[in-house]
Amino acid sequence: MKLKFWGVRGSIPAPGPETVRYGGNTSCVEVVTSSARIFFDAGTGIREAGLKATVDSLPIHLFITHTHWDHIMGLPFFAPLRQKDRMIRIYALHRADASLNDIFRSATEHPFFPINFNEFESNLQFIPLEEDGGPIYPAENMQLRYTRLNHPWRALGYRLDVDGASMAYITDTAPFKHVLLDKEFVKAPPPLDDPPPEILDILANLENRLVNMLKGVHTVIFDTMFTDEAYKANPHWGHSSPAHALEICHKAGVSRLVLFHYAPEMTDAQTDSFVEDSIKLGKEYGIEVIPSMEGEEIWVN
Ligand SMILES: [Zn+2]
Ligand SMILES: [Zn+2]
């Protein structure tokens, strides 16, 4: 299977001369198959992806990890939305407090955007995913599983299997040892050195489910927004470092880790040394580490 990175930046677009090599657009990854176009997240990278996607009429399946801005802000500019009858399915976690339709439609309501989702001509459906983890079968020879990550107000991590090849897209998530800022658990983060045991149990359970889902996956794209130092300064932001990502990949027996969701302030020069350090650390685990770069493609077995 072939993957293409349309946006690899976290939090907010960061264009400019200092980020031109790794790229400034926010999260969007495409999986190219013969029967469908699969996208993960609709950050600003999806705008250019959409222009390319209009050359055919393959069904589009878009899997949203969560609805923080950096993962959906490109969606109103996704050209296939304007293609008459183009089949587009948008999947995200079912929420009890708001329907998926309301969440996405409100993003384009007056005064935020001139065109409402109701006015787009495509055949657009929103599909809420229950927390059971699937699998679902979006297209021929394709299986998708998902599990909940450790991120404020919940994100989903996805695993996709197509014709015997497998990849996973795991962003945004903190490591599973510190408490997330999530209304279900706590109002504010407790001290890092003294998290309540019941919360540690919930986090351990989330980690087990993630590791089980990743078993046998060849390539995992993982939230590696932070260096270890930056993580220490922001332990409750809901993001990981390469060391955290490698721990999970090691437990699951993953072959290759792809660094992703770079911090907006990280320059290309800083990212180069961040990548170099991560490759060295990966060698200790016997895991290949590669960077994601906007506009680049990789093959997955
Ligand atoms: Zn994000
Ligand atoms: Zn987020």
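Just so you know, all these numbers are worked out from the coordinates, no wet-lab data involved. From a predicted model like this one, the values you see are computed outputs, not experimental measurements. No Cβ is skipped: glycine too gets one built from the backbone with ideal geometry, and neighbour counts run over all protein chains shown.
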Item to check | Per DSSP, loop GluC sites (Glu not before Pro) in the stretch 253-301 with at most 13 further Cβ within 10 Å | outcome: Glu265
Checklist entry - Which of the aspartates and glutamates could a cross-linker span from Lys84 if the Cα-Cα distance has to be under 13 Å and same-chain partners fewer than 8 positions apart are dropped? => result Asp56, Glu119, Glu121
Checklist entry - Residue separation times 0.36 nm, minus the C-alpha to C-alpha distance between Glu276 and Ser255: what's the value? => result 5.8 nm
Checklist entry - Ordered by packing density, taken as the mean number of other Cβ atoms within 10 Å over each peptide's residues, highest first, how do 48-59, 196-207 rank? => result 48-59, 196-207
Checklist entry - For the chain, what is the calculated [θ] at 222 nm in deg cm²/dmol (nearest 500), taking -39500 (n - 2.57) for each run of four or more DSSP H residues and dividing by its residue count? => result -7000 deg cm²/dmol
Item to check | Residue-by-residue Karplus 3J(HN,Hα) for the stretch 201-217, coefficients 6.51, -1.76, 1.60, Hz, glycine and proline x | outcome: 4, 5, 5, 4, 5, 4, 5, 4, 5, 5, 4, 4, 5, 7, 4, x, 7
Item to check | Under the Karplus curve 6.51 cos²θ - 1.76 cosθ + 1.60, θ = phi - 60°, whole-Hz ³J(HN,Hα) for the stretch 108-118, x wherever Gly or Pro sits | outcome: 10, 7, 3, x, 7, 7, x, 10, 8, 3, 4
Item to check | Gain upon complete extension [Phe112, Lys177; 0.36 nm per residue less C-alpha separation] | outcome: 19.6 nm
Next on the checklist: In 10 Å bins starting at zero, report the fraction of Cα pairs in the stretch 95-182 per bin as a rounded %.
Outcome noted: 14, 32, 35, 17, 1
Checklist outcome for this item: Rounded to 0.05, the calculated FRET efficiency for the beta carbons of Asp163 and Asp85 at R₀ = 35 Å is 0.80
Checklist outcome for this item: Between the alpha carbon centres of the stretch 1-59 and the stretch 238-291 the gap in Å comes to 20
Next on the checklist: Given points 7 Å out from each Cα along the Cα-Cβ axis, report the Asp268 to Asp201 separation in nanometres with one decimal.
Outcome noted: 5.1
Checklist entry - Of Lys2/Lys251; Lys232/Lys283; Lys215/Lys280; Lys2/Lys177; Lys251/Lys280, which sit over 27 Å apart, Cα to Cα? => result Lys2/Lys177
Item to check | Placed amide H near Asn123: partners under 5 Å, 5+ positions off or other chain | outcome: Asp85, Arg86, Met87, Ile88
Checklist entry - In the stretch 73-99, which residues have a backbone nitrogen under 13 Å from the label point lying 7 Å from Arg105's Cα in the Cα-to-Cβ direction? => result 99
Next on the checklist: When a/c reaches 1.5 or more, the comparison of a/b and b/c decides; with that in mind, is the chain rounded, prolate or oblate per its Cα gyration tensor?
Outcome noted: rounded
